[in-house]
Amino acid sequence: MRGLGRVYQRGAGRAWWIAYYAGGRDRRESVARALRKPVGQVTLRDAERLLKHRLAQKARGEILAAPAQRLTVSALMDHYEAHLVTKGVKRLASIRSHIKAVRRWLGDRRAASLTTATLKEAIDTELATRPRPTAKPYARGTVKTRLYTLRAALEVAKQDRLLAAVPDIPALTVDNTRQGFFEPEIFARVLAHLPEDLRDLARFGYLTGWRKAEILGLTWDRIDRRAGTIRLSIAKTGPRVRPYLEDPELAAVIDRRWRARALGCPYVFHRGGRMIRSIYRAWDRGCAKAGVPGAWLHDVRRTAYRNLVEGGMDLFTAMELTGHTSLSTAQRYNIVELARMRSALSRAAASDTYKARTRLRLGGRRRQS
């Protein structure tokens, strides 16, 4: 092991020590302390084995420089945010909110000290924490999103040689799949209770199934009124095009917005010539007045997809129009399966065999006691 490290004895007790170079500095380590053995029981063989083990850790990159060992989760999230900025991530504003939450949650802890056990304890604490005295504790889905963000930051730090390894992140099971839809009469009631500047926006979402951010950021330079197409170039799922002349209701929305456009405002949907930043307060108020409190704006997107599929459109064309990229997400709505089951039940119910075997005979002889 010459040139890589050495073993030696020091002190009056002739205790065994090892010395090696790793992480940018010379390191010296007591064998007795590392092995948790009395000094008198440590042998030369113990020292050589420990040195060999440390050199193997060095080769795997598991021994870090002192600054990396002192890396806090707060500094880890700073490094991750800088990585996202350099990468040019589109949804940076949304991810930053999760980064901020992780800083508040685990910011003072050393990143290298995170283990599966300590994270489980932190998760239990977070699930019992109330953001405000009158608020409910953090939901499991919220904590799960923060764990995703933490894992991504740890992976980036490992790639950049700031961490030796990433601990196993505990998995949280969340069953919060939404299945709500808007029937036409209910959606019409909600529209009646929305402000005038939001009605066409809601109609557009009901007809296209686009995401809220895609609708709010839609500008006139993306709409070709002569060709009758809407091109979405900045979206979560990448560029896509949506014809609209074939849908009279959608074409009417575009025409109304064209007549209501504001001077100097590039946005199709605006409020007094300015971009609409949020509609949740008005949406919640409108749903409550319409008798459907708690209905989600995202239910409109799900409804648009259902209407296209039940109208006879194939699954993949509907996904392309609404911007769904995951087949599992689309199938989760159970639209296609429900239509198939209804068709099969109708055929079965019409058959004479099914009728004969399922007809309940309530008459007949009285049962003998």
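The values are calculated or read from the model by the stated rules, or taken from the named source; none is laboratory data. Just so it is clear, the structure is predicted and the values come from calculations on it, not from any experiment. Cβ placement follows ideal geometry from the backbone for every residue including glycine, while neighbour counts extend to all protein chains displayed.
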Selected residue (only one of Ala139, Ala164, Ala152 is modelled with pLDDT under 90 and within 21 Å of the chain's Cα centre (by Cα)): Ala139
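This table checks each residue for (1) touching a helix residue (DSSP H, G or I) at 6+ places or on another chain (Cβ under 9 Å); (2) at pLDDT below 90; (3) aliphatic (A, V, I, L, M); (4) assigned by TED's automatic domain parsing to the domain that holds Arg109.
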site	(1), (2), (3), (4)
Asp46	yes, no, no, no
Leu50	yes, no, yes, no
Gln57	no, yes, no, no
Val73	yes, no, yes, yes
Met77	yes, no, yes, yes
Glu81	yes, no, no, yes
Leu84	yes, no, yes, yes
Lys87	no, yes, no, yes
- request: Could you look through region 115-127, keep only residues that are of a type in the set (A, V, I, L, M, F, W, C) and within 19 Å of Lys100 (Cα to Cα), and pick out the one that is surrounded by the fewest Cβ atoms within 10 Å (Cβ to Cβ)?
  value: Leu127
query: Restricting region 4-33 to residues that are under 24 Å from Leu162 (Cβ atoms) and not in a strand (DSSP E or B), which is farthest from the chain's Cα centre (by Cα)?
result: Gly24
query: Can you find even one residue in region 357-369 that is surrounded by 10 or more Cβ atoms within 10 Å (Cβ to Cβ) and either at pLDDT below 80 or not assigned by TED's automatic domain parsing to the domain that holds Leu191 (or both)?
result: no
field: Matching helices (runs of 4 or more DSSP H) fully within region 228-328 where at least 1 residues are surrounded by 12 or more Cβ atoms within 10 Å (Cβ to Cβ), in contact with a strand residue (DSSP E or B) (Cβ under 8 Å, 6 or more places away or on another chain) and not assigned by TED's automatic domain parsing to the domain that holds Trp210
entry: 315-322
message: So if I check each of Gly23, Gly61, Gly3, which one is in contact with a Leu (Cβ under 8 Å, 6 or more places away or on another chain), on the phi > 0 side of the Ramachandran plot and modelled with pLDDT under 85?
response: Gly23
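To keep it simple, each residue is scored yes or no on (1) touching an Asp or Glu at 6+ places or on another chain (Cβ under 8 Å); (2) free of Cβ contacts under 8 Å to residues at least 12 places away in the same chain.
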residue	(1), (2)
Ala101	no, no
Lys120	no, no
Thr125	no, yes
Ala128	no, yes
Ala135	no, yes
Gly141	no, no
Arg146	yes, no
Leu154	no, no
Gln159	no, yes
task: For Ala171, state whether it is surrounded by 16 or more Cβ atoms within 10 Å (Cβ to Cβ) and within 18 Å of the chain's Cα centre (by Cα).
output: no
statement: All conditions in (1) crowded, with 17+ Cβ neighbours inside 10 Å; (2) outside any helix (DSSP H, G or I) are true of Arg146 except (2)
